[in-house]
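Only one structure is covered here, and it is reproduced in the block below.
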Amino acid sequence: MRRPSSHRRVRRAAVTVAVGTLVAATAAYAAPSPGARGIGDPYYPLYGNGGYDVSHYDIAVSYTPSNDRVVGTTTITATATQDLSRFDLDLALPASSVTVDGVAAGFRQGPHELVVTPARPVRNGRPLTVVVQYAGIPSQTSVDGLDPWVRTADGAVAVGEPEIAAWWFPSNDHPRDKATFDIAVTVPTGVEALSNGVLRSKTTSGTTDTWSWRESSPMATYLAFMAVGQFDVRSGTSATGLPWVTAVAANGGAEGRYAAADLARSPEVVDWHAKQWGPYPFDVTGGVAPAADFGFALENQTRPVYTRGFWSSGSNIYVVVHELAHQWYGDSVSVTNWKDIWLNEGFATFAEWRWSETHGEGTAQQLLRASYDGIPAGDSFWTLPIGNPGAHREFSGAVYTRGAMTLQALRNRVGDPAFFQIMREWARQHAYVNGQVSQFISLAEQLSGQDLDGFFQAWLYAPKKPAPTSANGLADRSKVDPAAVPSKRLIDAVTAAETTARTGAETGRRS
């Protein structure tokens with residue numbers, strides 16, 4: 001028998017090493033897997049999607065008012081957060097084609113999900129560009145009985161919370177994945193098309209006009225909107241240099257005239273908010289009041305959209321104060337999960353109380369006392385834990401009013417200097433990202449130097465009326481000044497109109 005030569009032994013060793021290296025490499029690069037069907041919201045497990053992070057949406061839609069048809073092409077720029085074999089987008093309108101990095105991708109579509117399979121897997125950390133073409137009639141598109149699209153006599157409004165995006169563009173539809181936006185809306189010549197941010201251009205081609213808008217700060221998908229119809233559009237620059245754009249339906253009647261007067265005060269309201277909470281977080285402001293009664297106002301980033309019914313009885317500056325407060329609390333600082341909604345609605349309602357206080361219409365303390373004394377301990381109002389209200393109950397009235405009461409009680413507990421520092425620092429620390437109730441509690445304790453666990457347990461989580469103690473910020477048992485009551489009635493009317501509409505809309509919400 002001839003022994004193997006030393007050369008052959010070396011070759012065999014090399015082959016063994018190579019095989020071992022291949023096995024190790026295979027283990028290191030596990031097979032790509034599908035992105036999660038939901039982003040992980042504890043209330044709504046299928047909201048949003050996993051596996052990628054969006055940085056920008058480039059939305060180009062054509063809208064025909066006569067038949068309510070949307071034809072769109074949306075380009076999504078994102079980064080994979082895992083090795084992806086496929087991923088989901090939220091889209092209710094029928095898609096006709098999808099490409100990933102310029103290559104045709106496979107796709108299938110359910111009632112709300114567009115499942116995309118790239119021609120090649122996308123590696124973790126790699127950028128990806130997804131282009132989706134789609135078309136449909138949003139007002140005839142329903143998902144689990146929900147259709148947030150608002151059609152008007154001369155156009156439509158894409159406005160809703162927590163869902164509207166899927167009815168006009170594909171997205172990762174959850175506040176946790178914020179992105180910048182370019183939105184171009186093509187409409188028949190002479191029809192106006194409003195959206196978020198700065199108007200970059202308005203161009204005419206044949207019988208159509210294209211309005212191109214850009215929102216350069218990160219924005220949650222539900223805050224993106226478009227409003228199409230006949231509007232009186234006005235624009236200008238405030239005394240502090242802030243550009244503004246307002247639009248009121250041309251056929252708004254008396255409601256439209258009141259709305260136009262109040263929306264014209266948007267720059268004034270923004271300047272007032274900035275003195276309370278810190279610099280305005282965006283580069284333009286304004287508001288839109290379409291020719292429709294859809295029952296609520298929504299804090300669409302840079303340009304809230306209002307049902308004109310808010311002006312059915314005359315001027316109503318409080319709804320403008322509320323929605324513009326959301327530009328800080330809700331838009332710039334967005335919720336991490338929908339259970340954190342107190343950070344939006346309680347804060348914006350307190351801003352109304354603070355406006356009342358600084359404009360001589362009843363102090364926030366008087367409004368706290370009026371609400372606390374006026375709602376009996378046995379009322380169901382007190383049973384909702386607003387720090388974790390539960391699925392489908394995020395827009396209950398207690399989240400608004402008890403939420404504002406909590407902040408005024410906190411103000412009483414820690415004093416004005418610490419309280420306003422907490423509010424401003426919250427807006428600063430979480431600007432353009434997300435926040436949770438637990439983080440706000442930690443910040444309040446840090447800046448006040450107090451242990452506030454019992455306070456927040458009583459106000460946010462205990463299903464009962466907080467005891468009237470100094471620890472709960474309720475030591476002052478002074479009677480309510482009658483001068484506060486008209487302001488309270490006005491604020492309650494605004495809140496009731498908003499919460500009733502939103503709560504009603506929530507009955508068809510996806511779970």
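Between Arg108 and Ser55, what FRET efficiency follows from the Cβ-Cβ distance if R0 is 30 Å, with the result rounded to 0.05? Mind showing how you got there, number by number?
On the way: r = 26 Å, r/R0 = 0.85.
The formula returns an efficiency of 0.70 here.
At what distance in nm do the modelled label points of Gln133 and Thr469 sit from each other, each positioned 7 Å from its Cα along Cα→Cβ?
6.7
Given a Förster distance of 56 angstrom, what is the FRET efficiency for Thr210 paired with Thr383, based on the Cβ-Cβ distance and rounded to 0.05? Please list the in-between numbers first.
Values: r = 51 Å, r/R0 = 0.91.
Calculated value: 0.65.
Let me check I've understood the local charge: for Thr117, count other residues with C-beta under 9 angstrom from its C-beta, Lys and Arg +1, Asp and Glu -1. What total comes out?
Numbers: positive: Arg86, Arg108; negative: none.
Counting the neighbours of Thr117, the net charge comes to +2.
How big is the range 100-210 along each principal axis, measuring the range of its Cα positions in Å and listing the largest first?
46, 35, 26
Using alpha carbons only, how many degrees (0 to 90, rounded to 10) separate the axis of helix 416-429 from the longest principal axis of the chain?
The answer is roughly 30 degrees.
Quick one: if the Förster radius is 30 Å, what FRET efficiency do Thr358 and His392 give, using the C-beta to C-beta distance and rounding to 0.05?
On the way: r = 35 Å, r/R0 = 1.18.
Step by step, r from the Cβ atoms, then E = 0.25.
Residue separation times 0.36 nm, minus the C-alpha to C-alpha distance between Asp453 and Ala239: what's the value?
Result: 72.7 nm gained on full extension.
Quick check on the exposure proxy: order His359, His392 from fewest to most C-beta atoms within 10 angstrom. Intermediate results must be reported in sequence, preceding the final value.
Details: His359 12, His392 16.
Ascending Cβ contact count within 10 Å gives the list His359, His392.
Listed here are the pairs Lys178/Lys275; Lys339/Lys465; Lys178/Lys339; Lys178/Lys465; which of them are more than 29 Å apart at the Cα? Numbers along the way, then the final one.
Numbers: Lys178/Lys275 26 Å; Lys339/Lys465 20 Å; Lys178/Lys339 18 Å; Lys178/Lys465 36 Å.
Exceeds cut-off: Lys178/Lys465.
Can you list the aspartates and glutamates whose alpha carbon is less than 12 Å from that of Lys202, not counting same-chain residues fewer than 8 positions off?
Glu192
State whether the range 31-228 is rounded, prolate or oblate according to the following rule on the C-alpha gyration tensor (a ≥ b ≥ c being the square roots of its eigenvalues): a/c under 1.5 gives rounded; otherwise a/b larger than b/c gives prolate, and the remaining case gives oblate. Don't skip to the end; give the middle numbers.
On the way: a/c = 1.78, a/b = 1.57, b/c = 1.13.
Prolate is the answer for the range 31-228, as a/c is 1.5 or above and a/b outweighs b/c.
Kindly identify the range 56-103 as rounded, prolate or oblate by the Cα gyration tensor criterion: order the square roots of the eigenvalues as a ≥ b ≥ c, call it rounded if a/c is under 1.5, otherwise compare a/b with b/c, prolate if a/b is larger, else oblate. Each step should come with its number before you reach the end.
On the way: a/c = 2.71, a/b = 2.30, b/c = 1.18.
The shape class here is prolate.
Per 0.36 nm of contour for each residue apart, how much would the distance between Ser33 and Asp101 grow if the chain were fully extended, relative to their Cα-Cα spacing?
Values: separation 68, 0.36 × 68 = 24.48 nm, distance 1.84 nm.
Full extension of this stretch gives 22.6 nm more.
Using 0.36 nm per residue of separation minus the Cα-Cα distance, give me the extension gain between Ser315 and Ala462 in nm, one decimal. If you can, show how the numbers build up before the last one.
Numbers: separation 147, 0.36 × 147 = 52.92 nm, distance 3.73 nm.
Here the answer is 49.2 nm.
Which parts of the range 259-279 would a label at Glu425 reach, counting a residue when its backbone N lies under 20 Å from a point 7 Å out along Cα-to-Cβ?
274-279
What's the ranking of 225-237, 332-344 by average number of surrounding C-beta atoms within 10 Å, highest first?
On the way: 225-237: 19.6, 332-344: 23.8.
Result, highest mean first: 332-344, 225-237.
Using amide H atoms built 1.01 Å from N in the peptide plane, name the residues 5+ places from Leu474, or on other chains, whose amide H lies under 5 Å from its own.
Answer set, sorted by chain and number: Thr469.
Values quoted throughout were computed directly from the atomic coordinates according to the rules given, and no laboratory measurement underlies them. These figures come from a predicted structure and were not determined experimentally. Note: ideal-geometry Cβ built from the backbone for every residue, glycine included; neighbour counts use all protein chains shown.
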